[in-house]
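Heads up, the thing below is written out as structure tokens.
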Amino acid sequence: MKEDIEDNIPEEGAENTAGQNGSETENEVNQEQDNNSSVEEQLKELNDRYVRLYSEFDNYRKRTNKEKIDIISSANAGLLKDLIPTLDDFERAIANNQQTEDIEALKEGFLLIFNKFKAVLESKGLKQMEAKGQPFDSEIHEAIANIPAPAPELAGCVVDDVEKGYYLNDKVIRYAKVVVGQ
């Protein structure tokens, strides 16, 4: 019996390991909970930053689309504003044509209006394509017919342009419809 009591008495220098194991487990659990809560906070913060960044990008996209539409509509407004005087000239010419019998004056008036109209378009960057006599180029020409070449040097070249092509600031906006010599 004396030996049983001695077995239960801790020896000097021996510490109660059961108490420490319990407190160590508690400390580990507390640290894991602290780590989990800090990870959750970081996750919430990153998610919040992501949502804000996504919203900012979406607003930027909407704003730039609106600006594009505004630029396009104002560009058209500038062209139309420059064409209004030509429209006025056509209206005056039509009114005068009903009373005039001078064919030469009529021709000269329409030629003046045409030149004014062409000058406005050229000032906006429109340039007429020169196709007749040039080698056929499928990048800028649209062949609508092939005919025997009237001269040997016109083989593979544009013999006639049925519809003129146009550039806008060196970019083709309408292909020339041409007849090509074979």
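Things to note:
- Annotation note: of I147, I140, the sole residue that is over 30 Å from D82 (Cα atoms), among the aliphatic types (A, V, I, L, M), modelled with pLDDT of 90 or more and not assigned by TED's automatic domain parsing to the domain that holds L83 is I147.
- Test: residue in region 40-60 that is within 30 Å of G125 (Cβ to Cβ) and either assigned by TED's automatic domain parsing to the domain that holds L168 or within 37 Å of the chain's Cα centre (by Cα) (or both): yes
- For region 162-182, the set of residues classified as modelled with pLDDT of 90 or more and over 30 Å from G78 (Cα atoms) consists of V162, V178, V179, V180, G181, listed by residue number.
- Unmet requirement for E108, which otherwise passes all of (1) in a helix (DSSP H, G or I); (2) within 30 Å of V158 (Cβ to Cβ): (2)
- Yes/no for N27 being at pLDDT 85 or above, of a type in the set (S, T, N, Q) and either in a helix (DSSP H, G or I) or not assigned by TED's automatic domain parsing to the domain that holds F117 (or both): no
- Taking the listed residues K66, K127, the one that is basic (K, R), out of contact with any Asp or Glu (no Cβ under 6 Å at 6 or more places or on another chain), assigned to a strand (DSSP E or B) and at pLDDT 90 or above is K127, with no other qualifying.
The values are calculated or read from the model by the stated rules, or taken from the named source; none is laboratory data. It should be emphasised that the depicted structure is a prediction, and the values quoted were computed from it without experimental measurement. Reconstructed Cβ throughout: ideal geometry from the backbone, glycine too, with neighbour counts over all protein chains shown.
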